[in-house]
Amino acid sequence: MALLGAFLSPGTVAPANAAGGDDHVLVLGRISDDPKAHYEQLKPLLDYVVPRMRDVGITEGRILMARDAQQMISYLRRGRVDWVTETAGTAMRLQDRAGARPLLLTERGGVGRYHGVFFVRRDSGLETLQDLKGRAVAFQNTASTSAYFAPAVELLDAGQRLEILLSPMDRPAPDSVGYVFARTELNISAWVHKRLVDAGVVSSLDWNDVRRIPPSFRNDFRIIHETPEYPRALEMVRGDLAPEVEARLREVLLQAANDPQAREAMRLFFRTTAFLPVDPDSRRALEHLRQGVGRVREQVE
């Protein structure tokens, strides 16, 4: 009960029945395993946006957390959430399953695109994705674009069959690639370094971050494959959001990077440095990822 109270405490997140059916309310959603921390990251930007949307009837903002993608899909389908911020892989799942639409790309820390990096020990003898058959790979978690969805698609495209492992100590069948979730980038690098798994995958940003790939580890690693680039994050809206509300939200967010009053709110909003239009190259990358996420759900999970 204490945990439930913390999750739904007044002023922290809106209860499920508080959203939907209120045309004057803009509901910002987030899939979260830490609602309190994420609330503090989301609320300042919502407070910035809402007063600038009064001309389209928006006078109040609320935040609604979902425990997982399936719950967010339900919220979007029922009109309980209007706007969701997510990484590209999960965003494409929301598009497929709930009819959500990309509103804008999100640039974080000055970076708008990234990719996944497959790496192994230098002394492993592994050179290509084909060499991973019968071997174990460490992904991050089921929500990661660069360290799960994108590399899983690359393995499927290479003709590999994927098999989930019980732990890093488990081994796959000789004709498949085993995978295990390590949760953190530091765990991934440590497991590869200690030979608990044969290969790991991290984002191109994490590959260059000494906090996640320590130099003492990285000196023993080499890259064997890199995935295509994808947008780092997206702002999504529900498919039936009023056109005038969607248009005004897009306009406010696009202008935010040039407004000093938005600077701190954007920094708290996952270190966002700009919101950008969805350009044709990004649309093509997202469509490729959308199809890939469907294949992973169908063939792997």
- Scanning the range 51-68 for residues that are more than 10 Å from L28 (Cα to Cα), free of Cβ contacts under 8 Å to residues at least 40 places away in the same chain and surrounded by 19 or more Cβ atoms within 10 Å (Cβ to Cβ) gives A66
- Item | Which listed residue is of a type in the set (S, T, N, Q), buried (at least 18 other Cβ atoms within 10 Å of the Cβ) and over 22 Å from R283 (Cα atoms), from Q95, Q140 | Q140
- Taking the residues in the range 231-284 that are touching a strand residue (DSSP E or B) at 6+ places or on another chain (Cβ under 7 Å), within 20 Å of L46 (Cβ to Cβ) and of a type in the set (G, A, S) as candidates, determine which candidate is surrounded by the most Cβ atoms within 10 Å (Cβ to Cβ). A233
- Query: Name the residues in the range 192-222 that are within 23 Å of the chain's Cα centre (by Cα), more than 15 Å from A138 (Cβ to Cβ) and not in a helix (DSSP H, G or I), would you?
  - Reply: N208, D209, V210, R211
- Set E163, E154, E127: member being part of a strand (DSSP E or B), on the phi < 0 side of the Ramachandran plot and of a type outside the set (S, T, Y): E163
- Item | Number of the condition not met by S189 [criteria: (1) modelled with pLDDT under 95; (2) in a helix (DSSP H, G or I); (3) not aliphatic (A, V, I, L, M)] | (1)
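Based on what the data block shows, is G110 touching an Asp or Glu at 6+ places or on another chain (Cβ under 8 Å), more than 19 Å from R283 (Cβ to Cβ) and among the small types (G, A, S)?
On the way: touching an Asp or Glu at 6+ places or on another chain (Cβ under 8 Å): no; more than 19 Å from R283 (Cβ to Cβ): yes; among the small types (G, A, S): yes.
In short, no.
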- Count of the range 166-186 residues which are outside any helix (DSSP H, G or I) and under 17 Å from Q140 (Cβ atoms): 10
- Please note which helices (runs of 4 or more DSSP H) are completely contained in the range 234-301 and include at least 1 residues that are at pLDDT below 95. 280-295
- How many residues does the range 110-124 contain that are crowded, with 16+ Cβ neighbours inside 10 Å and part of a strand (DSSP E or B)? 8
- Message: at pLDDT 95 or above, among the hydrophobic types (A, V, I, L, M, F, W, C), not in a loop (DSSP other than H, G, I, E, B) and not assigned by TED's automatic domain parsing to the domain that holds W191: is that true of I58 in this structure?
- Response: no
- Unique match (being of a type outside the set (A, V, I, L, M) and crowded, with 24+ Cβ neighbours inside 10 Å) among F181, F149, F221, F217: F149
- Of these, R297, R263, R267, which one is basic (K, R) and touching a residue at least 12 places away in the same chain (Cβ under 8 Å)? R297
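The values are calculated or read from the model by the stated rules, or taken from the named source; none is laboratory data. Here the structure is a predicted model, which means the values were calculated and not measured. FYI the Cβ positions are ideal-geometry reconstructions off the backbone, even for glycines, and counts take in every protein chain you see.
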